[in-house]
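The values are calculated or read from the model by the stated rules, or taken from the named source; none is laboratory data. Everything numeric here is computed off the predicted structure, so don't read it as measured data. Here the Cβ positions follow ideal geometry from the backbone for every residue, glycine too, while neighbour counts run over all protein chains shown.
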There are 2 protein chains.
Amino acid sequence: MSAYDDLMARERETQALAQVAGRLGWDQETMMPRGAADQRAEESGAMQAVLHARRVDRARGDVLAEAEGQATEPVARAQLRHIRRDYERAVKVPGDLAVALARLTSRAQGQWAEARAADDYAAFAPVLAEVVRLKREEAAALSAGGTLYDALLEDYEPGMSAAKLDAMFAEMRPRLVALRGAALAVEWPRLEGRFDRDGQLALSQDLAQVFGYDLSRGRLDLAVHPFSSGSGDDVRITTRVSEADPFNCFYSTIHEVGHACYEQGIDPAYRLTPLGQGVSMGVHESQSRIYENQLGRSRAFCGWLYGRMRDGFGDFGIADEETFYRAVNRVHRGYIRTEADEVQYNLHVMLRYDLERALIAGDLSVADLEAAWNDRFAADFGYAVDRASNGVLQDVHWSVGLFGYFPTYSLGNLYAGCLFEALQAAVPGLDAQLARGELAEATVWLRGAVQRHGGLFEPTEVIARACGAAPTAGPLLDYLDRKFGDLAG
Amino acid sequence: MSAYDDLMARERETQALAQVAGRLGWDQETMMPRGAADQRAEESGAMQAVLHARRVDRARGDVLAEAEGQATEPVARAQLRHIRRDYERAVKVPGDLAVALARLTSRAQGQWAEARAADDYAAFAPVLAEVVRLKREEAAALSAGGTLYDALLEDYEPGMSAAKLDAMFAEMRPRLVALRGAALAVEWPRLEGRFDRDGQLALSQDLAQVFGYDLSRGRLDLAVHPFSSGSGDDVRITTRVSEADPFNCFYSTIHEVGHACYEQGIDPAYRLTPLGQGVSMGVHESQSRIYENQLGRSRAFCGWLYGRMRDGFGDFGIADEETFYRAVNRVHRGYIRTEADEVQYNLHVMLRYDLERALIAGDLSVADLEAAWNDRFAADFGYAVDRASNGVLQDVHWSVGLFGYFPTYSLGNLYAGCLFEALQAAVPGLDAQLARGELAEATVWLRGAVQRHGGLFEPTEVIARACGAAPTAGPLLDYLDRKFGDLAG
């Protein structure tokens, strides 16, 4: 057996184990009895220990080096690039630190949930300070002389840097702020009434299939926070139901279907290999966002959805398609990122990006974080945060050590803007199809242009190949200006 | 850290991984998308490879030997006894043989299912011959000069031997045959009509709780073949629903609840240790059987269940409690072990026991197995097998390499007979409680007498301690004579 074949056999087994660990996470959020939490922590810990030992195994490094000296074919080179990156990352972080971080963030997540429920940032600050301290240590181990924050970014978006993000946000901010001003100046209709749970779930199931989710290789369940989980032939999604807010259910479903279709759309030849997953968080989010927003919240698709909701729920007080389209895209004041409209969403991300960079750089202390958040929010949004759960405690990310993750949401939006421009050029009849609830041509194009490649190309390269040009913020901002300029009259 | 503590830390992690592998099996039967089967085979294979490597790890053997020289306390000695048995078993079987058996039985199970659907034993015989060949090799590696079949028995019922089973079955057979003759001579009422699925599931959920299953540490789902899975704080069960046969659903549930309560009832101090699981298949089956039969099919409990079924399904054509009791315990002709009544069940087991012993001893060839089955069935039951799916192809066990497993079903019945005698002595008001649907005192007694010990005592020892005497077939046969003698007038 060649060194490359030997290496890939090991990696394949590791990928299979990683899928098992991921399914354990799915189970925990959907099926696990509540009394099993402590035992589950041990089970998950044991799986992570097995995976970590395989990642840092010196024999892996040796056979990797040997394979790198032999393989020349592009797919093999791409596999080796991913394995090299993963191996270097794993061996650079001292084992003690990795264990300490895993334990700490598990505890910190629980403390965050309690603090959020009590609106008590002070109760969370000590453990968060410890998380920041260890993440800075980890970043120092990884950075090799570069900046700490860039080293963390690399985990979620290989090739990205704070300098590039600064430029991106600098271009976005003024146009989004202007657009928000215009949008908040007009009235938006909103959905009212109760929408029964079974009806929402039935329509969710239909939406998943309309958007191309293969339910023979996946399933749709309920969870407190919607997510997508798994790769290859077992990619599961969740949604949630609020009787007062069916849009939450439907657009959570479509969003997660975007993530799931990316995983399901990857070339089957890459299954259970390093190339067999979405290449970065940003590209992943580009798929969920284009499904959810550019397609799912388009005027044409809203027309179709309006009909389906009338079929399912009768007259629900929205008089016509245009009013329904405005209700779906309603721009509104609010504190919560995950409830933000397309115009304001990236402003929420920018706030987090600047604060987390300052934390990691050591320019902002955890003790001062709540005040910094509230000041920044008032400056950016024009009204004061009313309580910590609507402010600094709203997101789980920092408690579990996800620093450098937030900007990938905006990158996803940016990539989605580029892809939508290319998609419209490639599918001239798109609007007419969307108006009939037909997503097949759009989703097949996305599969061919983006999804099937998995990890074959670097993040910006896969977008550039799909669009014929390197990704920039222009297409997203133009799209938002057109859509919301129109909606705001 | 002492060698014992070091060893137990490793074992604990292995146990946690084994729980994960078990949960993967649960998922496969309940939740997995059908298109995920191939990928799942790789995932399960990777988990089994990890577990096997840990079991045969020489470092494990070294620290085990060191711990054996130090530990004196009874619980520690019991832990070491289990680890020693597991280690010896693992290292005795050559790695190549273990891998070949895992691959072969995975394939054989599929071929068995196809052959059963086609009623075509000849299509299954070649792969079964291969399974028998490898199981004989495995038994030879394990037997250390003893008989092959005894070596296989040891996997499911430590301390058991074919000689002991021969004596047990020799005592059982004449009394069961006589009882069957009497029972088949009278008329038995049977349930007719349709019983809606939701009503069956709701009552199943109630029955699970009535019998003491802790749903905060478990869950009840549907599966093609009912099973119980997991240990400690995450023990899940499944049942099935046939609209024509609600007894199948209810008694499958109660049976699996018996298994699950055993696992849930083990001393929490043993969680994720070798003592933290039911000690043998026979003792496990004693719990499922006493819940299902001695308790669940008693006249007193049937009276309560009759009322609950009338509440849930209205008048279903059974006029009174006594007729209902007779319908639940109906003795009838049939081919299928899993559908057999209490009188005939063990006769089905004896047939399999004798045939599989002959296969493993080399006295019966796989090519002759179907004819041998059919001859034996006609001799034992007095009528001819009409097709292979009602005969030699009805059970999955042999296809997956379970030789030596069948007799543990009868051992379970025998143990249940002993335990029921002791339980009646310990709980004088038992019948009055059962008539009110109150199982608490009975199940608490079983927990204290049997379940809490987990693997602390050897199988026959745990029964002897609970009953004050070594287990024999007498109590079961007396119980069956009384119950069915009465029913048959």
Just for helices (runs of 4 or more DSSP H) wholly inside region A:317-435: which have at least 1 residues that are modelled with pLDDT of 95 or more and aromatic (Phe, Trp, Tyr)? A:321-328, A:345-361, A:369-381, A:406-426
Conditions (1) at the interface with chain A (Cβ under 10 Å from one of its Cβ atoms); (2) surrounded by fewer than 17 Cβ atoms within 10 Å (Cβ to Cβ) -> residue B:91 fails only (1)
Identify all residues within region A:24-35 that are outside any loop (DSSP other than H, G, I, E, B) and within 12 Å of chain B (Cβ to nearest Cβ); write none if there are none. A:24, A:25, A:26, A:27, A:28, A:30, A:34, A:35
Any residue in region A:63-71 that is in contact (Cβ under 8 Å) with a residue 40 or more places away in the chain, crowded, with 16+ Cβ neighbours inside 10 Å, β-branched (Val, Ile, Thr) and more than 9 Å from every other protein chain (Cβ to nearest Cβ)? yes
In region A:202-217, what residues are away from chain B (no Cβ under 14 Å) and either surrounded by 17 or more Cβ atoms within 10 Å (Cβ to Cβ) or acidic (Asp, Glu) (or both)? A:203, A:204, A:206, A:207, A:210, A:211, A:212
Would you check if residue A:301 is within 20 Å of the chain's Cα centre (by Cα), surrounded by 17 or more Cβ atoms within 10 Å (Cβ to Cβ) and either within 26 Å of residue A:218 (Cα to Cα) or among the basic types (Lys, Arg) (or both)? no
Answer yes or no as to whether residue A:21 is more than 10 Å from chain B (Cβ to nearest Cβ) and part of a helix (DSSP H, G or I). no
So residue B:98 ticks every box in (1) surrounded by 17 or more Cβ atoms within 10 Å (Cβ to Cβ); (2) touching a residue at least 60 places away in the same chain (Cβ under 8 Å); (3) more than 9 Å from every other protein chain (Cβ to nearest Cβ) but one. Which box is left unticked? (2)
Within region A:162-185, how many residues are touching a residue at least 12 places away in the same chain (Cβ under 8 Å) and either touching a strand residue (DSSP E or B) at 6+ places or on another chain (Cβ under 8 Å) or not hydrophobic (A, V, I, L, M, F, W, C) (or both)? 4
Give the residues of region A:216-236 that are touching a Pro at 6+ places or on another chain (Cβ under 7 Å) and of a type outside the set (D, E, K, R), sorted by residue number. A:216, A:218
Taking the options B:100, B:178, name whichever one is over 30 Å from residue B:58 (Cα atoms) and part of a helix (DSSP H, G or I). B:178
Breaking point among (1) within 22 Å of residue A:12 (Cβ to Cβ); (2) more than 8 Å from every other protein chain (Cβ to nearest Cβ), for residue B:38: (2)
Could you check how many residues of region A:209-222 are in a loop (DSSP other than H, G, I, E, B) and closer than 20 Å to residue A:289 by Cβ? 4
With the condition kept exactly as written, say whether any residue in region B:311-318 is away from every other protein chain (no Cβ under 14 Å), surrounded by 24 or more Cβ atoms within 10 Å (Cβ to Cβ) and β-branched (Val, Ile, Thr). no
Would region A:76-83 turn up any residue that is touching a Phe, Trp or Tyr at 6+ places or on another chain (Cβ under 7 Å) and in contact (Cβ under 8 Å) with a residue 40 or more places away in the chain? yes
Every residue in region B:41-52 that is more than 9 Å from chain A (Cβ to nearest Cβ) and within 23 Å of residue B:222 (Cα to Cα), please. B:41
Given the structure, is residue B:55 more than 7 Å from every other protein chain (Cβ to nearest Cβ), surrounded by 16 or more Cβ atoms within 10 Å (Cβ to Cβ) and basic (Lys, Arg)? yes
So which of A:485, A:448, A:455 ends up being touching a helix residue (DSSP H, G or I) at 6+ places or on another chain (Cβ under 9 Å) and outside any helix (DSSP H, G or I)? A:455
So residue B:243 fits all but one of (1) of a type outside the set (Val, Ile, Thr); (2) touching a Pro at 6+ places or on another chain (Cβ under 8 Å); (3) away from chain A (no Cβ under 14 Å); what number is the exception? (2)
Show the residue pairs that are 6+ apart or on different chains and have beta-carbon atoms under 7 Å apart, the first residue being within region B:433-447 and farther than 12 Å from residue B:298 by Cα, the second being among the small types (Gly, Ala, Ser) and in a helix (DSSP H, G or I). B:445/B:426; B:447/B:265
